[in-house]
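Below: one structure, written as structure tokens.
Derivation of every value follows stated rules applied to the coordinates shown; laboratory data play no part. Model, not experiment: these values are computed from the prediction. Cβ coordinates were reconstructed from backbone atoms using ideal geometry, including for glycine residues, and neighbour counts include every protein chain displayed.
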Amino acid sequence: MGDLITTLMVCHFLASVGAAEIRNLKTSTIFLMLQSLLLALIIAAFAGRSQNYSLYWWAAITVVSKVIVIPGMLWWHIKKTQVMEIKPLVSFVVSFILLAIFLVAFYQMIHTHANFVAPTAVAAAEPTRSALALSFTIFVLGLYVLVIHRDAVKIIIGLNLIENGVHLALVTLVPQMPITTKLGIVSNVVFAILMLLWLTQNIYQAFGSSDTLKLSSLKG
């Protein structure tokens, strides 16, 4: 089971980078959907490993909200507007090299000092230790997307990466979280994405693009 979780986490990381770096918005959305599906599979694997069957509900909620609903909303918006991603602040090659170096170093740092981040016996053991390091790495990757990318849809994808990183951290550190709390968190995320897409639609209608740098023109 440990090898399965490790394999899923590696695939989860690669899908996360794909969602962040691929410049075609439809393809990026597909990678986000794949990343979320792998997150659900990781949760299910942890459920089987720990015999915590409530995590299966968590995995099911993740599939419905993050694999179906959120990517579906993004896909609908992209198809409706036929929008293309605005060129980010950093070129693809430079961005990919920076990410490859930084994310590997950051993951290794968190993995090495997991006891400082979460001083518990559970966090110190594998595969929880690796999952915790991965969750922080995905969180930072999402922040990177928010800083570097100008496109509103891509920023929404970055926010999803941040939330999925938090989601994985909660699975590893608070696996006994009540189902009502999980539903509350997920429903808030879905509502937030819906509102952001509504704002993105207004930006597109006003300027003919989803460039967030044009938001200053909305004043007055």
| request: Go through 57-65, 110-118, 128-136 and give me the packing order, highest mean Cβ count within 10 Å leading. | output: 128-136, 57-65, 110-118
| What shape does the range 54-116 take by its C-alpha gyration tensor, where a ≥ b ≥ c are the square roots of the eigenvalues and a/c under 1.5 counts as rounded, a/b above b/c as prolate, and the rest as oblate? | oblate
| note | Packing-ranked peptide list from 91-97, 169-175, 159-165, highest mean Cβ count within 10 angstrom first, is 159-165, 169-175, 91-97
| message | For the range 2-207, take N as its residue count and report Rg(C-alpha) divided by 2.2 N^0.38 Å. | response | 1.01
| request: Treating only the Cβ atoms of Lys and Arg (+1) and Asp and Glu (-1) as charged, compute the dipole magnitude of the chain about its Cα centre; round to the nearest 20 debye. | output: 480
| Using helices alone, what [θ] at 222 nm do you get for the chain, with -39,500 (n - 2.57) per DSSP H run of 4 or more residues, divided over all residues and rounded to the nearest 500? | -25500 deg cm²/dmol
| task | Please name which of Gln35, Leu99, Thr6 has its Cα lying farthest along the dipole of the range 1-120 towards the positive end, using unit charges on Cβ (Lys, Arg +1; Asp, Glu -1) and the Cα centre as origin. | result | Gln35
